[in-house]
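Step one of this worksheet: look at the structure below.
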Amino acid sequence: MLFFRSPPPSPDACPVCGGTEFDLRPVLGTELIAAWQLSSEEAGYINRQQGHLCLACRANLRTRTLAAALTEHFGFSGTLKAFCASRRARALRLLELNEAGALSPWLSTLRRHTLARYPEVDMQALPYTDGRWDVVLHSDVLEHVADPLLALRECRRVLAPGGVLLYTIPIVHGRLSHGRQGLSPSYHGAPGGEQADMLVHTEYGADFWLQPVAAGFRKIGLFTLGGPEAIAVVCEK
Ligand SMILES: [Zn+2]
C-alpha cells in the first residue's frame, strides 16, 4: 500500500457544516488493533477515518466523506447543511439506517426523511414497499449485520428506479473480506461495551465491492475525499 504512506491533506472546509478547524482523536485501542491484526499503517488510516473530527460539527472523516458523496451525487456544490435547505433535497425521500453520525441532525430537517434504527428495524427485512425511497444511507452499519448481502438487496428493493444507496464500511484494503464466524467476538465502540448490535460480523477488505454487485446494483462507484480512509460506496439502482 505504498501509495497511501502519507495521510491525505486536510480538507479546507468540512463538507457537512463548512467548519475549517479539525483535530485527530484516535479511536482504536490496543485490544481492537490486536483483534483485527492491524499494521500501524492500517491503524493510522482507521484512526483518521473515525477520529479526524471537524471541531464545529464533530463530523469525522467517514461521515464527512458520506456527506460529500451525497451532495456530489445530486450535483450540489455546497455543504450538507446548505443542501438540506435546498428545494432539491427537501423533495427527496431519504431513509437513514441508524444515525449517520453528525449528518443525522441535518438529514432530520428534511421533510421526507425517516431514521430507522436497529433493532426496531431489521436491515435484512425492511418494512417498506418496493421503490419507496429515493436515497438510502448508512454509515458503518453493514459490518454489524449477520447477512450483509441480504441487507444490500433490501436497500436496493426499497429504492425507486434511479435511486441511490450511499454507505461507508470500515475497510482494511490490504486483505480480503472475511466473516468473524469462528473467531473471538469483536465489538466496535468503547472498550467494554459489548452490546450485541456492536458485534462485528464482517471485516471488509479489498473485495468489498463484490457485495453491491451481487445485490444487483446497476452502477457502483467510489467517492473519496482522498486516501483509503475516506471512501463512500455509491450504488445506483
Ligand atoms: Zn463540520
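No lab work stands behind these numbers, since they all come straight from the coordinates. All values reported here derive from a predicted model rather than from experimental measurement. Glycine also receives a Cβ, built like all others from the backbone with ideal geometry; neighbour counts cover every protein chain displayed.
If eta is 0.692 mPa s and T is 37 °C, what Stokes-Einstein diffusion coefficient results for segment 28-82, Kirkwood Rh from Cα pairs, in µm²/s?
Numbers: Rh = 12.7 Å.
Answer, rounded: 258 µm²/s.
Please compute the volume of the convex hull spanned by the alpha-carbon atoms of the chain and report it per residue in Å³. Write out the running numbers ahead of the final one.
Values: hull volume 28.6 nm³, N = 237.
Once divided by residue count, the hull of the chain is 121 Å³.
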Which is farthest toward the positive dipole end of the chain among T114, T202, L55, measuring Cα position about the Cα centre, with Cβ charges +1 (Lys, Arg) and -1 (Asp, Glu)?
T114
Tell me, what is the percent relative contact order of the chain, built from C-alpha pairs under 8 Å that lie six or more residues apart?
19
The alpha-carbon pair-distance distribution computed for segment 94-155, with 5 angstrom bins and whole-percent values, is 4, 18, 33, 25, 16, 5, 0
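Nearest 20 debye, what's the magnitude of the dipole of segment 2-236 about its Cα centre given +1 on Lys and Arg Cβ and -1 on Asp and Glu Cβ?
900
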The answer for GluC sites (Glu not before Pro) in segment 70-143 that fall in a DSSP coil and have at most 12 neighbouring Cβ atoms within 10 Å is E120
So for R0 = 45 Å, FRET eff. of L149-A85 from the Cβ-Cβ r, to 0.05, ends up at 0.80
Along Cα→Cβ, 7 Å out, is where each label goes; now give me the distance between the ones at F76 and I220 in nm to one decimal.
2.7
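Suppose R0 equals 25 Å. What FRET efficiency, 1/(1 + (r/R0)^6) with r the Cβ-Cβ distance, do T109 and L24 give to the nearest 0.05? The partial results should precede the final answer.
Values: r = 29 Å, r/R0 = 1.16.
With a Förster radius of 25 Å, E is 0.30.
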Would you please state which residues of segment 197-222 a label at E31 would reach in this model, taking the label point 7 Å out along Cα→Cβ and a backbone N cut-off of under 16 Å?
197-200
